[in-house]
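*Asks:* Below you'll find the structure I mean.
The values are calculated or read from the model by the stated rules, or taken from the named source; none is laboratory data. All values derive from a computational prediction rather than experimental measurement. Heads up, the Cβs are rebuilt from the backbone with ideal geometry, glycines too, and the neighbour counts pull from every protein chain shown.
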Amino acid sequence: MKLRRLSYMISVLALVSIAGCSSMGSKTDSGKELSASGPTIMNARSVPSTIELNKSLQPAQSPEILADVKDFSSTVSDVRVRFIHVPLEIPMTNIGGTTWRATLTPQQLRQLAVSGQTMQYDVTVIARNQKGQSITSQEPITLAVKTPELATSSAG
């Protein structure tokens, strides 16, 4: 009887560990676990992922960074986008529900533009709640700024 019970327990443990290993590689829709105590950042993205500027350094489409921030224990009070390796931080605005948006201004785009180059920048989202708890997104968002050649060549 003890041997049968032990065999049963080993079988259950083996199934649980196999199920645990197989679920480790899969992702939920957001790819993140929700935090029960503090903010959780999900679905952070750039729209568009490549910002194409014209010769006047104006974008074809208004560039936005969006993220959903959930918090079950407190109210989300501040969400920001922070550029990695560039001294630029942009506050985000709640646009409804759990969705927050940052819009890059023409001045910020001029700072990021390099004539004739497509520059890639990694950014993270930082969220803070009213309790002072904060979190930074695990995966950076890659944002590209494509700028045409601005110099005009003159044959002399």
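*Asks:* Out of (1) at pLDDT below 95; (2) in contact with a strand residue (DSSP E or B) (Cβ under 7 Å, 6 or more places away or on another chain); (3) not aromatic (Phe, Trp, Tyr), what's the single condition that is false for SER73?
*Replies:* (2)
*Asks:* Taking the stretch 45-75, which residues are touching a residue at least 24 places away in the same chain (Cβ under 8 Å) and either among the β-branched types (Val, Ile, Thr) or in contact with a Phe, Trp or Tyr (Cβ under 9 Å, 6 or more places away or on another chain) (or both)?
*Replies:* Residues of the stretch 45-75 that are touching a residue at least 24 places away in the same chain (Cβ under 8 Å), as a first pass: 45-46, 49-55, 57-59, 62-75.
Those that are touching a residue at least 24 places away in the same chain (Cβ under 8 Å) and either among the β-branched types (Val, Ile, Thr) or in contact with a Phe, Trp or Tyr (Cβ under 9 Å, 6 or more places away or on another chain) (or both): THR50, ILE51, ILE65, LEU66, ALA67, ASP68, VAL69, THR75.
*Asks:* Could you please let me know if ARG101 is in contact (Cβ under 8 Å) with a residue 40 or more places away in the chain and of a type in the set (D, E, K, R)?
*Replies:* The answer is no for ARG101.
*Asks:* Further question on the same structure: Only one of (1) within 30 Å of SER37 (Cβ to Cβ); (2) under 15 Å from the mean Cα position of the chain (by Cα); (3) of a type outside the set (Ser, Thr, Tyr) is not met by LYS131, so which one is it?
*Replies:* Of the numbered conditions (1) within 30 Å of SER37 (Cβ to Cβ); (2) under 15 Å from the mean Cα position of the chain (by Cα); (3) of a type outside the set (Ser, Thr, Tyr), the odd one out for LYS131 is (2).
*Asks:* Moving on. What residue, among those in the stretch 37-61 that are touching a Lys or Arg at 6+ places or on another chain (Cβ under 8 Å) and either of a type outside the set (A, V, I, L, M, F, W, C) or on the phi > 0 side of the Ramachandran plot (or both), is surrounded by the fewest Cβ atoms within 10 Å (Cβ to Cβ)? Full working, then the answer.
*Replies:* From the stretch 37-61, those touching a Lys or Arg at 6+ places or on another chain (Cβ under 8 Å) are 38-42, 50-53, 57; that's our starting set.
Then drop every residue that is not either of a type outside the set (A, V, I, L, M, F, W, C) or on the phi > 0 side of the Ramachandran plot (or both), which leaves 38-40, 50, 52, 57.
Working: GLY38: 19, PRO39: 26, THR40: 20, THR50: 13, GLU52: 16, LEU57: 17.
Among residues in the stretch 37-61 that are touching a Lys or Arg at 6+ places or on another chain (Cβ under 8 Å) and either of a type outside the set (A, V, I, L, M, F, W, C) or on the phi > 0 side of the Ramachandran plot (or both), the one surrounded by the fewest Cβ atoms within 10 Å (Cβ to Cβ) is THR50.
*Asks:* Could we say that GLN107 is more than 27 Å from GLY38 (Cβ to Cβ) and surrounded by fewer than 14 Cβ atoms within 10 Å (Cβ to Cβ) here? Show your work before the answer.
*Replies:* Working: more than 27 Å from GLY38 (Cβ to Cβ): yes; surrounded by fewer than 14 Cβ atoms within 10 Å (Cβ to Cβ): yes.
Yes.
*Asks:* Output the number of residues of the stretch 68-87 satisfying the condition of being touching a Gly at 6+ places or on another chain (Cβ under 7 Å) and within 17 Å of SER137 (Cβ to Cβ). Even if it seems obvious, please write down each step before you answer.
*Replies:* Restricting attention to the stretch 68-87, the residues satisfying the condition of being touching a Gly at 6+ places or on another chain (Cβ under 7 Å) are 71, 73.
Pick out the ones that are also within 17 Å of SER137 (Cβ to Cβ) and you get 71.
Here the count works out to 1.
To keep it simple, each residue is scored yes or no on (1) touching a strand residue (DSSP E or B) at 6+ places or on another chain (Cβ under 7 Å); (2) modelled with pLDDT under 90.
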position	(1), (2)
ALA14	no, yes
GLY25	no, yes
PRO39	yes, no
SER49	yes, no
ASN54	no, no
VAL79	yes, no
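*Asks:* Of these, ILE126, ILE90, ILE135, which one is in contact with a Gly (Cβ under 9 Å, 6 or more places away or on another chain), outside any loop (DSSP other than H, G, I, E, B) and hydrophobic (A, V, I, L, M, F, W, C)?
*Replies:* Working: ILE126 fails: in contact with a Gly (Cβ under 9 Å, 6 or more places away or on another chain); ILE90 fails: in contact with a Gly (Cβ under 9 Å, 6 or more places away or on another chain).
Within the list ILE126, ILE90, ILE135, the selection yields ILE135.
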